[in-house]
Amino acid sequence: MQQVLNQGKTLPASVNAPSFPNKVWDSIRRGGVSWLVPIAIVIVWQILVEVGVIPARLLPRPTQIVEAAIKLAQSGKLAENIGVSTQRALVGLVIGGGLGFLLGLINGVFTLSEKLLDSTFQMIRTIPNLALVPLFILWFGIGEPARILLIAVGVFFPLYLNTFHGVRSVDRNLIEMGRVYGLGQFALFREIILPGALPSILVGLRFALGIMWLTLIVAETIAARTGIGHMISEAREFMQTDIMVFSIVLYALLGKSADIITRVLERGLLGWNPAYRSR
């Protein structure tokens, strides 16, 4: 393909593609740029607290927050709470995201299914998650099922909507071409519809991962005895502002990690798409 694009002229390897060290450096450079603003915010934050512009009792210095994090890590509470919260979030994502993905595919492919289900989903989608908390406590109690199902409801709709939109946005000419070449229904779905819908599906996954962590904060206020939300509640009772701020920063870092994982999936699954090759 490279030879065709260059009209039959073979270019040196150094021209065709950058060397491996250059690729590594480019990846580090692109990743480093995205952290410039957060690092600058932390530096300004530290300076403003040091000079007294921001009272330390209201917003501790970043160094104090790091010290609190080290103490939590040494006690073992940090790893335990992160593990519990991550497990809750992932179980809710698998349940709600899996259903949203599956029903998005079904409603996108079958018009009858769309007519039967889509209007109901659109009505439920407008109900805020917070409004469901009292009902979920009444129906499922204050245990793990209520928290996990609240997360599942939150992540369902981003994946459903984007999967449905992705399937419906596939070029119909490609589908007709596949039929002309003799592709069966399953092969047509596997070779044309699903790859064509993948960019939209992965956008839905990114939204779902963000909502997953937001909903987790609410879910862990339902009488949770473990998890990051419990850590915030406990710190609030004892006026441990450094732990409260650290817990909030921890949610942000977990959300960023989820976003990075999604970008890696995009590069791996959408390498055939020119729009994603340079990312």
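The values are calculated or read from the model by the stated rules, or taken from the named source; none is laboratory data. Just so it is clear, the structure is predicted and the values come from calculations on it, not from any experiment. All Cβ positions, glycine included, derive from the backbone under ideal geometry; neighbour counts span all protein chains shown.
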> Applying the selection to the stretch 51-76, what residues are free of Cβ contacts under 8 Å to residues at least 40 places away in the same chain, exposed (fewer than 12 other Cβ atoms within 10 Å of the Cβ) and part of a loop (DSSP other than H, G, I, E, B)?
Replying inline: VAL51, GLY52, VAL53, PRO55, GLY76
> Under 7 Å by Cβ, and 6 or more places apart or on different chains, what pairs join a residue from the stretch 189-203 that is over 17 Å from ARG172 (Cβ atoms) with one that is of a type in the set (D, E, K, R) and part of a helix (DSSP H, G or I)?
Replying inline: LEU202/GLU266
> For ILE47, are the conditions met, namely being over 20 Å from the mean Cα position of the chain (by Cα) and at pLDDT 90 or above?
Replying inline: yes
>> Looking at the stretch 154-199 only, could you name the residues that are within 20 Å of LEU103 (Cβ to Cβ) and not in a helix (DSSP H, G or I)?
In response: SER169, VAL170
>> Can you pull out every residue in the stretch 131-168 that is buried (at least 19 other Cβ atoms within 10 Å of the Cβ) and either out of contact with any helix residue (DSSP H, G or I) (no Cβ under 8 Å at 6 or more places or on another chain) or among the hydroxyl-bearing types (Ser, Thr, Tyr) (or both)?
In response: TYR160, THR163
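Okay, residues lined up against (1) within 15 Å of the chain's Cα centre (by Cα); (2) of a type in the set (S, T, N, Q); (3) within 27 Å of LEU130 (Cβ to Cβ); (4) surrounded by fewer than 18 Cβ atoms within 10 Å (Cβ to Cβ):
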site	(1), (2), (3), (4)
ALA219	no, no, yes, no
ILE243	no, no, yes, no
ILE248	no, no, yes, yes
ALA258	yes, no, yes, no
LEU270	no, no, no, yes
> Is it the case that some residue within the stretch 203-215 is modelled with pLDDT of 80 or more, in a loop (DSSP other than H, G, I, E, B) and charged (D, E, K, R)?
Replying inline: no
